[in-house]
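Novice: Just dropping this structure here.
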Amino acid sequence: MALRILITTDYLHPGDGVDQLLRDHGLEPVYSPFRGPRPYEERRALFDGISGAILASEPVTAVMLAHAASLKVIARSGVGYDSIDIQAATAQGIRVCNAPGTNHHSVAELTIGLIIMAARRLSEVTTAVRQGGWPRDAGHELRGSTLGIIGYGPSGRATANLGAALGMNVLASTRHPDPDNTAIQFTGLDTVIRNADYLSLHTRAGQHTGPLIDAPRLEAMKPTAVLINTARGSLVDEEALAKAIADGTIAGAALDVLQSEPLPDDSPLRGLDNVLITSHLAGQTAQARTRAGLAAAQAVIDVLENRKPAHPADR
C-alpha cells in the first residue's frame, strides 16, 4: 500500500509536477487545500494515516501532531516555518523542512512594487479614476530616497539590489553583512529605522521578544516614512502601527503579511488611508510556486527514502 502524502498548499493540484513526482516514487498524494481556519475536529484528524505532508502556512500545533502517529516529515512549500511547532515535531521524530531560495525574486519584486505604489499613491489614484475622478497629485521619485532593509537573507538581498538599481540609497541591518556589495551600507538596526524613507522587513520571526516593529520603533521612524512587510505578520504590532498612521507618526504602510489572515473584520488596519494590504502573495508567482512545490516534494521523498533533506528547518 502506497504511503499517503497530505498536500494542503492550495495551488498544488492532481496531475501537476508535484503530483507526478510523488507518484513516480510510489507515493499517494492526498489533497486538503488550506483556505482558512479549519474546525477543531478537522485539525485533529488532518494527519490521520499520513506519512508526509506538504503544507501551506496553516498552523501546526502540538495537539495536531499528537494524533499524527504515522507522520515522518512536514515540508513547507515556502520559506517560513514559524507556523509549525517544531519542538513538538522533533519530540515525535517528525522532520520539518522548508524551501528557501525558491521565491526571493518574487518577494523582492512585489516589495519594490508596493514601494512604488506607496510613493505614487497608485491605489488611491486608480480607485478615484474608477469612480470618475482624475487626480493629479504629485508623488515621489524613489531615486535618491533611502531604502532600509532589515534582514539580509535571499529576499532582503534581492530587494536591496533592486533598490540600488533604482538609484535608492540602501541601508541594511543584518548579522551577516556582505562586504563585497559596495552598493549597500551595512549598519545598525536603529540607524536603519531612523533614516529609512521606506523600511522593508525581511527577517525571520522568533528572533525577537515581541514584535520587532513596536510603538517605540514606529516613533523613531521619519514622519514621512512608509513601512513595508513582506516577511512575517508577527514582526509588526498592528495596533501600534494603526495608531502611528492615524496620528501621522509615519506616513503609511504596505503589508503583504498579517498577524491573522485573512484580515479580520475588526482589524485596526481596516479603513485606514495610506495602508496597502495584499493577500500574502509576495512569493506567489507561477515560477516561484513551481520551484517551491517541487522542492517540498523532494524533501518529503528524501526523508521517506532515508536521505538527508536539502533544507531541514529543524536542524
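The values are calculated or read from the model by the stated rules, or taken from the named source; none is laboratory data. From a predicted model like this one, the values you see are computed outputs, not experimental measurements. Because the Cβ atoms are built from the backbone with ideal geometry, glycine has one as well, and the counts that use them run over all protein chains shown. Calculation scope for accessible area: heavy atoms of the full protein, side chains included, ligands and nucleic acids excluded. Shrake-Rupley method; radii C 1.70, N 1.55, O 1.52, S 1.80 Å.
Novice: Taking only Cα atoms, what is the 0 to 90° angle, nearest 10, from helix 104-120's long axis to the longest principal axis of the chain?
Specialist: Tilt relative to the chain: about 30 degrees.
Novice: Can you list the HN-Hα couplings for segment 177-184, worked out from phi with the Karplus curve (6.51, -1.76, 1.60; θ = phi - 60°), rounded to whole Hz and with x for Gly and Pro?
Specialist: x, 10, x, 7, 8, 6, 7, 10
Novice: Right, something else. Among Thr290, Gly233, Tyr11, whose Cα sits farthest toward the positive end of the charge dipole of the chain (+1 at Cβ of Lys/Arg, -1 at Cβ of Asp/Glu, about the Cα centre)?
Specialist: Value computed over the given set: Thr290.
Novice: Kindly sort Leu21, Leu281 by accessible area of their heavy atoms, largest first, with the probe set to 1.4 Å.
Specialist: Leu281, Leu21
Novice: Next up: Carbon and sulfur together cover what percent of the accessible area of the chain at a 1.4 Å probe radius?
Specialist: In the chain, the share of accessible area belonging to carbon and sulfur is 51 percent.
Novice: Sticking with this one: The list [x] 31, 24, 18; [y] 27, 23, 22; [z] 37, 21, 19 gives values of semi-axes √(5λ) of the Cα gyration tensor in Å, and only one came from this structure; which label was calculated from it?
Specialist: [z]
Novice: What order do you get for 284-297, 209-222 when each peptide is scored by the mean count of other beta carbon atoms within 10 Å, highest first? Walk me through the numbers before you get to the answer.
Specialist: Values: 284-297: 20.2, 209-222: 16.6.
With the highest mean Cβ count within 10 Å placed first, the list reads 284-297, 209-222.
Novice: How tilted is helix 238-247 with respect to the longest principal axis of the chain? Cα atoms for both, answer in degrees (0 to 90, nearest 10).
Specialist: 20
Novice: Run the 1.4 Å probe and let me know the accessible area of Lys243, rounded to the nearest 10 Å².
Specialist: Rounded to the nearest 10, the figure is 130 Å².
Novice: Rank Thr111, Thr61, Thr224, Thr182 by accessible area, highest first, at a 1.4 Å probe radius?
Specialist: From most accessible down to least: Thr182, Thr224, Thr61, Thr111.
Novice: By per-residue mean of other Cβ atoms within 10 Å, what is the highest-first order of 169-177, 75-83?
Specialist: Per-residue Cβ counts within 10 Å, averaged per peptide and sorted highest first, yield 75-83, 169-177.
Novice: Which lysines does Lys308 reach when only Cα atoms under 16 Å apart count, and residues fewer than 8 places away in its own chain are ignored?
Specialist: Straight-line reach from Lys308, under 16 Å: Lys72.
Novice: Still on this structure, please answer the following. Enumerate the lysines that Lys222 could reach by cross-link, defined here as Cα to Cα under 27 Å, with residues fewer than 8 away along the same chain left out.
Specialist: Result set, ordered by chain and number: Lys243.
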